[in-house]
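Below is one structure; the comments refer to it alone.
The values are calculated or read from the model by the stated rules, or taken from the named source; none is laboratory data. Bear in mind the structure is a predicted one, so any value in this text is a computation, not a measurement. Here the Cβ positions follow ideal geometry from the backbone for every residue, glycine too, while neighbour counts run over all protein chains shown. Ligands, DNA and RNA are stripped out before the accessible areas are found, and what is left, the full protein with its side chains, is counted by its heavy atoms. Shrake-Rupley method; radii C 1.70, N 1.55, O 1.52, S 1.80 Å.
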Amino acid sequence: SWSRKELDELIALATKNGAKGLAYLVVAEDGWKGPLAKFFAEDQQRALQDRVGASIGDVILLSADKPAVVHHVLGLLRLHLGTKLGLIDASQHACAWVVDFPLLHWDADARRWAAEHHPFTRPKDEHIALLDTDPGAVCAQAVDLVIDGYEIGGGSMRIFERTLQEKMFSLLGFSPEQAREQFGFLLDAFEYGTPPHGGIALGFDRLMMLLAKRTNLRETIAFPKTANAFDALCGAPAPVDDAQLRALAVRIVADERK
């Protein structure tokens with residue numbers, strides 16, 4: 001029962017969030033409808049319907065792009081449709097631990113590996129050997145706590161051995177000299193027997209937002225800011241006198257372009 005206007009709205013939502021488009025297939029009693037229907041043989045249609053659990057009247061949405069783009073776009077569409085169709089039970093809380101994050105991703109522009117979180121996250125012990133052969137297959141010892149679709153907390157175990165940290169810096173494109181210049185203090189500290197360590201940070205204000213059944217973080221955060229970063233409670237930012245600036249060795253330079 002989806003109208004063309006409703007489908008066009010879904011396509012617009014997808015393109016607005018980074019997709020180049022959005023393909024759809026309408027499952028009708030007399031066969032599939034939609035721009036791509038003619039490209040699927042009857043046995044392929046049955047296989048796809050079985051795979052996604054579609055029945056008469058359903059719409060199958062398809063996206064093709066880099067995995068990060070597809071995941072982002074289809075995730076937003078899923079939440080949009082869940083709200084539109086009344087499929088989300090607001091009286092219940094759904095919690096999930098997200099694990100097995102990739103440690104690295106390939107930066108096509110820089111043509112090198114980049115840290116998915118930061119360069120100090122520890123890889124899974126059983127994946128350390130893959131750093132030399134298949135860095136993209138390495139998973140991190142990292143977790144996220146998600147409640148009702150909101151990230152409430154995130155954390156990881158950290159690298160504590162100098163050799164492993166140096167290997168990470170090398171994968172990220174640091175020369176030994178650059179690594180020494182920027183992080184020599186950390187590499188030296190590892191020589192003194194740094195113990196295994198890690199941590200997790202929880203967004204208490206986000207948790208309060210969910211428990212208070214709000215959808216805007218500004219309603220439960222302790223020091224909310226406006227869209228232009230003004231703190232109405234504290235009146236910040238506010239003028240600072242010259243003596244305070246000199247004590248902090250800070251100089252304010254006016255933007256001549258304004």
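A search for C-beta distances below 6 Å between a residue of the stretch 197-208 that is more than 11 Å from residue 146 (Cα to Cα) and any residue that is among the polar types (S, T, N, Q), counting only pairs 6+ apart in sequence or on different chains, returns 198/156; 205/220; 208/220.
When 57, 53 are checked against the criterion of being more than 30 Å from residue 107 (Cβ to Cβ), surrounded by fewer than 13 Cβ atoms within 10 Å (Cβ to Cβ) and either in contact with a Ser or Thr (Cβ under 9 Å, 6 or more places away or on another chain) or touching a residue at least 12 places away in the same chain (Cβ under 8 Å) (or both), 57 stands alone in meeting it.
Within the stretch 11-30, can one find any residue that is in contact (Cβ under 8 Å) with a residue 24 or more places away in the chain and in a helix (DSSP H, G or I)? For the stretch 11-30, residues in contact (Cβ under 8 Å) with a residue 24 or more places away in the chain and in a helix (DSSP H, G or I): present. Taking the criterion of being among the hydroxyl-bearing types (Ser, Thr, Tyr) and open to solvent by less than 70 Å² (accessible area, probe 1.4 Å), the residues of the stretch 1-44 that qualify are 3, 15, 24.
Being touching a residue at least 24 places away in the same chain (Cβ under 8 Å), in contact with a Leu (Cβ under 6 Å, 6 or more places away or on another chain) and of a type outside the set (A, V, I, L, M): is that true of residue 106 here? The answer is no for residue 106. For the stretch 34-57, the set of residues classified as under 31 Å from the mean Cα position of the chain (by Cα) and either assigned to a helix (DSSP H, G or I) or at pLDDT 90 or above (or both) consists of 48, 49, 50, 51, 52, 53, 54, listed by residue number.
Every residue, every condition in (1) open to solvent by less than 80 Å² (accessible area, probe 1.4 Å); (2) within 30 Å of residue 209 (Cβ to Cβ); (3) assigned to a strand (DSSP E or B); (4) among the aromatic types (Phe, Trp, Tyr), yes or no:
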site: 110; (1), (2), (3), (4): yes, no, no, no
site: 126; (1), (2), (3), (4): no, no, no, no
site: 130; (1), (2), (3), (4): yes, no, no, no
site: 166; (1), (2), (3), (4): yes, no, no, no
site: 185; (1), (2), (3), (4): no, no, no, yes
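Taking the stretch 242-257 as the region of interest, how many residues are part of a loop (DSSP other than H, G, I, E, B) and either open to solvent by 90 Å² or more (accessible area, probe 1.4 Å) or modelled with pLDDT of 90 or more (or both)? Outline the logic, then answer.
Step one: filter the stretch 242-257 for residues part of a loop (DSSP other than H, G, I, E, B), giving 248-257.
From the residues that got through so far, the ones that are either open to solvent by 90 Å² or more (accessible area, probe 1.4 Å) or modelled with pLDDT of 90 or more (or both) too are 248-253, 256-257.
Matching residues across the stretch 242-257 total 8.
The single condition among (1) touching a residue at least 40 places away in the same chain (Cβ under 8 Å); (2) in a loop (DSSP other than H, G, I, E, B); (3) surrounded by 11 or more Cβ atoms within 10 Å (Cβ to Cβ) that residue 213 does not satisfy is (3). Just for the stretch 78-103: of the residues that are in a loop (DSSP other than H, G, I, E, B) and touching a residue at least 24 places away in the same chain (Cβ under 8 Å), which one is farthest from residue 150 (Cα to Cα)? Out of the qualifying residues, it is 103.
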